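*Asks:* Here it is, the structure, as C-alpha cells.
Coordinate-derived values only; no laboratory data. Owing to the predicted nature of the structure, the values given are computational and were not obtained by experimental measurement. We place every Cβ from the backbone using ideal geometry, glycine too, and count neighbours over all the protein chains shown.
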Amino acid sequence: DQQVKQNSPSLSVQEGRISILNCDYTNSMFDYFLWYKKYPAEGPTFLISISSIKDKNEDGRFTVFLNKSAKHLSLHIVPSQPGDSAVYFCAASALSGGSNYKLTFGKGTLLTVNP
Amino acid sequence: GAGVSQSPSNKVTEKGKDVELRCDPISGHTALYWYRQSLGQGLEFLIYFQGNSAPDKSGLPSDRFSAERTGGSVSTLTIQRTQQEDSAVYLCASSFQANTYEQYFGPGTRLTVT
C-alpha cells in the first residue's frame, strides 16, 4: 500500500510558466514533508521541506503548500526554467515518531520544461 | 567538498551470485542510509546506521540482504544469491545527524541480475 502518491508520472510546461507538482499521502502520522529533485545518473538532492504546523513554505522560485485536511501537498515552481527539468520526489516522515529518520517516497514526477 | 560516493556505478551479475555494494559517506556524517529504487517505483528504505547504535534493518526485504558499517564510516550492502527482482538502483545517503531533511545522496549503484 503506497503511503505517498504522486499520481502524475510526468508533466510538461513552457519556460517561464508555473509548474505544479502534486503529492497525496495516506498516513496521518506523517508530519514532515520534503521534495527532492533528481537528475539522471545522480542521487536525489534536497529541494524544500515543510512541517505540518505550516501550510506554506517558500524558497526563491519554489513554494510548497500543505493541506493537512486533504492530506495533499504541492510544489510550485515559478517561473519554470529548462534547468528545472528533472524527476521530483515527494517524501514524508513522522518526525514525532521513533523512526523519524525514515523517509517514505512517492514514485516521482518527471518534469520537462520546454524552452 | 566530497559528496557521498558509491561503487560500482553499475553491476551486472548472474542470478544466484553474491554482490557487494559500497558507500563512502560524507566525512563527519554519523548517520548512513541505504535505499532501493526499483523500476517505476519510489525510493524504498532498506537500512539505517547511526553512530554506534544498533542499525535499523527493518526495511531489508529478505535475509539475503545484509549491511555493515565499519569504523563508523564506509558501509557495504551485501546481497546473497541474487534474484532478478533484486535488479534496481541502490542509493546510499548520509547525514550529520538523523535529520531527515539533510540526507545527502550518492549517485547510486545500478544492479542488474540476469
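*Asks:* When averaged across all projection directions, what area in nm² does the alpha-carbon convex hull of the stretch B:55-99 cover?
*Replies:* 3.9
*Asks:* Mind checking A:100-108 for the average number of partner chain beta-carbons within 10 Å of each residue's beta-carbon?
*Replies:* Whole-number average of other-chain Cβ neighbours for A:100-108 is 6.
*Asks:* With r defined as the distance between the Cβ atoms of A:S96 and B:S62 and R0 fixed at 30 Å, what FRET efficiency is calculated, to the nearest 0.05?
*Replies:* Result of the calculation: an efficiency of 0.50.
*Asks:* Over chain A, with a Gaussian network built from C-alpha contacts below 10 Å, which listed residue (A:S28, A:S93, A:S74) shows the highest mean-square fluctuation?
*Replies:* Greatest mean-square fluctuation among the candidates belongs to A:S28.
*Asks:* Rounded to two decimals, what is the ratio between the C-alpha radius of gyration of chain A and 2.2 N^0.38 Å?
*Replies:* Expressed relative to 2.2 N^0.38 Å, the Cα Rg reads 1.02.
*Asks:* Between B:E14 and B:S53, what FRET efficiency follows from the Cβ-Cβ distance if R0 is 41 Å, with the result rounded to 0.05?
*Replies:* My answer for the efficiency is 0.70.
*Asks:* Quick check: the distance between the Cα centres of the stretch A:61-98 and the stretch B:1-30, to the nearest angstrom?
*Replies:* Value for the Cα centre distance between the two parts: 28 Å.
*Asks:* Please list 3J(HN,Hα) in residue order for the stretch B:13-22, calculated via the Karplus relation 6.51 cos²θ - 1.76 cosθ + 1.60 where θ = phi - 60°; whole Hz, with x for glycine and proline.
*Replies:* Per residue, the Karplus-derived 3J(HN,Hα) values read 9, 8, 3, x, 7, 8, 9, 10, 10, 10 Hz.
*Asks:* Moving to a separate point now. For chain A, calculate the relative contact order in percent as a whole number, restricting contacts to Cα pairs under 8 Å that are 6 or more residues apart.
*Replies:* About 37 percent, as a whole number.
*Asks:* Moving on to the next point. Report, as an integer, the average count of C-beta atoms from other chains found within 10 Å of each Cβ along B:39-50.
*Replies:* The per-residue average across the peptide is 4.
*Asks:* Pairs to check: A:K5/B:K11; A:K37/A:K71; A:K54/A:K102; A:K38/A:K102; A:K102/B:K57; A:K107/B:K17. Give those whose C-alpha atoms are more than 23 Å from each other in this structure.
*Replies:* Too far apart for the 23 Å limit: A:K5/B:K11; A:K107/B:K17.
*Asks:* Most fluctuating residue of B:S73, B:S53, B:S87 in a GNM of chain B with Cα springs under 10 Å: which is it?
*Replies:* B:S53
*Asks:* Which one, B:Q97, B:S9, B:G72, projects farthest toward the positive side of the charge dipole computed for chain B from Cβ point charges (K/R +1, D/E -1)?
*Replies:* So the residue furthest toward the plus end is B:S9.
*Asks:* Please sort by residue number the GluC sites (Glu not before Pro) in the stretch A:1-64 whose DSSP state is loop and whose Cβ has at most 16 other Cβ atoms within 10 Å.
*Replies:* Of the GluC sites (Glu not before Pro), the ones in loops of the stretch A:1-64 whose Cβ has at most 16 other Cβ atoms within 10 Å are A:E15, A:E42.
*Asks:* Quick one: divide the alpha-carbon radius of gyration of the protein assembly as shown by 2.2 N^0.38 Å and tell me what you get.
*Replies:* Normalised Rg, Cα atoms only: 1.01.
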